[in-house]
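Here's the structure we're looking at; comments come further down.
Please treat every number below as a calculation from the coordinates, not as lab data. The structure displayed is predicted, hence computed values, not measured ones.
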Amino acid sequence: MSPEMALKNIFFINTDIWSLGIILYLCSGSCFFENNISLSKKPFQKYVNSIPSLEVSNNLKAILEKMLEIDPIARYDAIRLYKYTKSLKLFTI
């Protein structure tokens, strides 16, 4: 659940980008969940701050940072994320 949904704020379509980012984060081998859930931005920021310590490529870290941006306005949407990943030349599509 994205921060804006957890805080019962207005959310946009890029809330799905947050969800996909969480899936990628979990696939990186990181443990994301805790028993103590608080409905504030603080727990979300903790996870975003842990991205640099992940044992994954710098490109994946950069993508996760764009996807797990707490501010929904600053978070990448699908088109911006596609253009960004294409600029990294990760895929040949």
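For PHE12, enumerate residues with amide H under 5 Å from its amide H, sequence gap 5+ or separate chain, H modeled in the peptide plane.
Result for PHE12 returns nothing.
Here are some pairs, LYS61/LYS86; LYS8/LYS83; LYS8/LYS86; LYS66/LYS89; which of them have Cα atoms lying more than 26 Å apart in this structure?
In this structure, LYS8/LYS83; LYS8/LYS86 lie more than 26 Å apart at Cα.
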